[in-house]
Structures are given as C-alpha cells and as structure tokens.
Amino acid sequence: MTSHMLPQDLSVRFGQASEAGVKPENEDCLGVQVPKGDLLSTKGVAIALADGVSAAEMGGEAAEVCVRSFLNDYYSTPETWEVKTAASRILTAINRWLFSRGKDFSEASKGFVCAFTAGIIKSHSLHIFHIGDARVYRLREGELKQLTDDHRVSVSKDVSYLARAMGLSTNLDVDYVRVRLEEGDRLLLCTDGVHEHLSANEIAQRAGDASEDLDAACRGMIQAALANGSRDNVSCQLVVIDSLPDVKGAEIYEELGRLPFPPPLSPGMVLDGYEVESILDESARSQLYLVKDVETGEQAVMKTPAQRRSDDAAYIERFLMEEWVGRRISNPHLVKVLEKRQQAQFLFYLMERVEGVTLAEWMEANPQPEMGVVIDFVSQIISGVRAMHRKETLHQDLKPENIMVDESGRLTIIDYGSAFVAGINEAEVPFERQVDLGTRCFSAPEYVLGRQPSRRSDLFSIGVIAYQLLTGGKGHPYGERLQKAQGIRDFALLEYVSATVYNPLVPKWIDGAVAKAVNVHPDNRYDALSELLADLKTPNPDFMGAEGLPLIQRSPVAFWKGVSGVLSLVVLILFFVLLKG
C-alpha cells in the first residue's frame, strides 16, 4: 500500500496483487505510476491492467508491453494535451506494434493479443480507457457501480469469445469514459479471473472493508476468487481517493498570488536583476518593458501584470499560463520565453526581444504587397500556429498587432495572453475561466455564440489577417456587421465581401480560399491549416469558375486541337520555306 500527496491536496492510496492461479504462468500485468513535480497536476496518476489472451501464445508478452509502454509513454506526451488525446495516441501506437508482431507468426494462435484497461486520475476526474473483459468498479458510500462494459460475445451458455482486444486488428476500438470523482471513492480494476468468481456484494464488502494494507486486501480478493473456482490468472488493483483539490477554498488563490505584483517601473529601475531601459507598452492588462540583465548585459522584454487585477484569480491564472505555454512550445515564428537568471521575487516573465514592427504597422506602410509576399506571410503565421495546435493549444487572439515583422520579412507571433490549453483546462478551478478572450473583429463567431472553440477558430483569424494583407488593411470580410452580430440569425445573415472590392488585383482563387477560411460556420471552413496554404499557393478550380480556368482544364480536347492546329501551321510554313530555299 502506497500513499501519494498531489498538489492542492489530491491524495490517493493504492494496492495491487496478481497471481498465476492454477495456470503454470501468469500472463496478467499491472502497474501504477505516480510522477513527481508538475506532472502530478498536469498529467495525474496512471493505473493500468492487462490480461494476456490465453488463445494467443504471446498474450503474456502483449500484456507486459501494453502496461509498461502505456505507463512510460503517457508521461512523455506534452503536458498541453488532454488525457484522452495522449492516451488514445499511445494505445494506437501500441496496438499497431502488437498487430505487426503478431503477423510475423504463421499461426494466428501465436499472436500478441491482450485485454487492456487503464485509468488516469486527474483533478476531479477518472479517465477510463478500456478494451476487453477486465472491469473497473467504483464503490461510493457502499454502492458498487460497474464503469466498463465486457467486450465478450456469447456463443452458448458456456462458450464466449473476446470480441475486442489489443493487437487483434489494425482498427482499434477503445471505450473512453470520464467519471467525476468524490472524496472517499474506491476504484477497483480486476481481470475476469476475479470478477467472474466474486459476487457484486462480495466485491463491495471486500473493497469497502480494506483499510490500511490495500495490497493485502487485493491478495484476499484474488484468493477468494480462486477458492470459488477461478481457473484463470487473477489480478486486481484497489485505489482509494482520500481527498480531492479544494476548488471552493482559498488555497488556489494563495498559490496564484504567491508572488507579489511588481510596482509600476520606469527606466533605470532594477527588478530581480533586470534593469529597465524603456517602456514598450502599457495597457489595462499588462506592461511591457525593454530590460537588460545587470550581470550579462543581455536584453529581453519583461511582461508584468496590471496592478488593478491583483485580486482577479482568473486573470492571474491566464498570466501564468502565458509563460507556461511559451516554455513548452517552440517554433521559429513563436516568441521565445526565457529562463530567469535568479529566483524571482515578483510576478513577471521574460521574452526574447523581437526586432521590427507589428504586422499592422507593416501593412500601413505596404498597402499593396505582392501576392507572393502575402502567401509567404500567411505561411509563416500558419507554421507558428500549427506548432501550438500540435500541443493542443489554441492561440485565440491572432491579429496583426500580435505579430512582428523584421527587416528580412520574418514573422513572429508575440502574445500568448489568450491561449487555450486543453490539458490544463481539464483541471477544475474555483473561478470562471474567460472564453471570449480575442479581439472581436478577428475572432470566430463561435466565441460570441458561446460554443466550443477549435483549431478552425484560429484558422478563421488567419483568414481575416490574410484578407487584410490582400486589401492593405482597408477592409474586413464581413465589414462592421461581424462586430454587431450577437445571435445565430445575425451571423447567418452575414455575407462575405470579396477582397476584390478593395483590391481588384486579388486572384479569384485566392479570394475563394480566404472566403472559405472565414466562413461563419466552422464545419464549412478548412479541416486543416495546410489545406488553406495549399489553396493559396495553387489555384483551386472550385474557386475559379469555368471562365477562370485555363483552357486545358476547361476543355482538354479543344486545347489539344488548338495545339495540333498550331503545330500543323508551323510545319506548313517550314515546308514552304524549304521549297523556296
């Protein structure tokens, strides 16, 4: 039995046991992983249980591979990923490996096949991933509830077979269930060798009576199953939720406000080893200073929170998130967040200094950029945003003012103040997180409508930026009507204003690509950023109309007839020239 305390008072105890039973070998495998440091709060506690299929000769090895790989690889996935995303990708990779190894054997009975069940305890939730015939139970106040379904098909009263398992097929079908936890909950994971030979009442009694030695309780449970006639390997795990994070208390506020806000700074002042050289920007949300490391002389940009928001927990969490995101996502077109040289005494973070002007200033100075420049700029923005999306992070406030352009034409996205991180958003907090964080004229309609944002929401913003680049910053795809729209009907009545209204030189296919990117309905936009970029670089016939297509695409027969006619004329001319010669 082991006890681990997680940040913000999440406390769990667990025990486990596994035996071969009457079989010569134990083909079950189980394990629990409790990480150290920040991973405890961002990734949670992982529990895994696998049961090698008896009919598959390599079932035991498959079970061990599943458990060990899942527990190790889960904590190697980005902290920004949701639990479901991280676990699903790992299980898909493991399944492919098992299936490919199974194909190396001439007989199907020697495959790498096993049942697999895992649970991730994070914040106030249990995330279950299940395939096969093991089970997960929850015992709450004496009431036992089965949380998983058995993936078995009965042929007769006494004969059944496993319908779904790891390594059985390339198409992996894993059940995912998210269950809210309460303090005092007890979770039991067990193989069919246990649950098929113990009644629900006996399971509830044994799990409920377990006190200090949870390993002994698990051993007692599997011994009872064997005494009741179990002829299979027997394994079980018991987890007790002693306490959960107190989202109603003041502890989180205290943690968020652990460091005091810096006072207003002016040139010449020194804060935590950094001398202020100039004030770059001051707003209601934050201050930006150009600073110099007193010891090394290296320059950086310091961002400090607004003093008047010192009692706003949601604001403080978001400010802390900016630094957190910047440290975990790297791309040439994303501003770098720098390590502080010494232990900070105030709340702030440092970014690299990015030379140049904002994209908004650049557009004012370059009202009619070449199409190649526009496409290159959009490509750079997409590169940076795609790096965020790969970490399940949305930017949510893409606009020309948040993008810098240097003398060489290199773009850098410089602000993470509105970023949405899926993995962090899973954790519960005692305050309401902001959702409508972006700048209205660049934000997708789903923010106003209170719907779940997605990668397509960032794509919408990129489309608006592309539109402004094409029109020299003069127009908006929906004019002022977008900012006035409030409900579904308002957005449904919006009509796209072609970029050619402001710039007749914009090619029809580029205008069509931008129109699709900024479509009011997310489902009608591109599925991926790469698709938008492809249509900007290469004419899409769908956006050109028949009259805009080259002749070879409109009528290949007519094109080749014309080519043949021209070649025939050239031959005749050459013939007459030779005759005269």
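Every number here is computed from the coordinates shown, using simple stated rules; none is lab data. Quick caveat: nothing in here was measured; it's all calculated off a predicted structure. Cβ: placed from backbone, ideal geometry, glycine included. Neighbour counts: every protein chain shown.
Cβ-to-Cβ counts within 10 Å put V153, V378 in ascending order as V153, V378, the fewest first. Quick one: which of K122/K336; K292/K391; K36/K145; K43/K336; K43/K84 span more than 22 angstrom between C-alpha atoms? The pairs that break the limit, which is 22 Å between Cα atoms, are K122/K336; K292/K391; K36/K145; K43/K336. Look at the alpha carbon pairs under 8 Å that are at least 6 residues apart: their mean separation over the length of region 251-351 gives a relative contact order of 28 percent.
Once the Cα atoms are used to define both axes, helix 556-580 deviates from the longest principal axis of the chain by about 40 degrees.
Distance between the modelled labels on S568 and I488, one decimal in nanometres: 6.1 nm (7 Å Cα→Cβ projection). Annotation: the residues V374, V179, sorted from fewest to most other C-beta atoms within 10 Å of their own C-beta, follow the order V179, V374. Estimated from the Cβ-Cβ distance and a Förster radius of 22 angstrom, the FRET efficiency linking S330 and M371 is about 0.15.
Remark: relative contact order (the chain) = 11 percent; criterion is Cα-Cα distance under 8 angstrom and separation of 6 or more residues. Once both labels are positioned 7 Å from their Cα atoms along Cα-to-Cβ, the gap between Q343 and D542 label points is 5.8 nm. When each of the peptides 39-48, 532-541, 360-369 is scored by the mean number of other C-beta atoms lying within 10 Å of its residues, the order from highest to lowest reads 39-48, 532-541, 360-369. Taking a ≥ b ≥ c as the square roots of the eigenvalues of the Cα gyration tensor, an a/c ratio of 1.5 or more together with a/b no larger than b/c marks region 2-243 as oblate.
In terms of other Cβ atoms within 10 Å, S54, S76 run from fewest to most in the order S76, S54. Cα centroids of region 81-103 and region 116-186: 17 Å apart. Under a 5 Å amide H cut-off, with hydrogens placed 1.01 Å from N, F112 pairs with G102 among residues at least 5 apart or on other chains.
Remark: spin-label model distance R178-V501 equals 4.0 nm, labels positioned 7 Å along the Cα→Cβ axis.
Please say if the chain is rounded, prolate or oblate, where rounded means a/c under 1.5 for a ≥ b ≥ c the square roots of the C-alpha gyration tensor eigenvalues, and otherwise the choice is prolate for a/b larger than b/c and oblate otherwise? In terms of gyration-tensor shape, oblate.
Between S243 and N72, what's the calculated FRET efficiency when r is the beta-carbon distance and R0 is 30 Å? Round to 0.05. For S243 and N72, the calculated efficiency is 0.60. So how much slack lies between N425 and Q146, counting 0.36 nm per residue of separation and subtracting their Cα-Cα distance, in nm? Answer, rounded to one decimal: 97.7 nm. Shape class for region 251-351, computed from the alpha carbon gyration tensor (a ≥ b ≥ c): oblate, with a/c not under 1.5 and a/b at or below b/c. Spatially, region 20-66 and region 491-517 are offset by 55 Å when compared through their Cα centroids.
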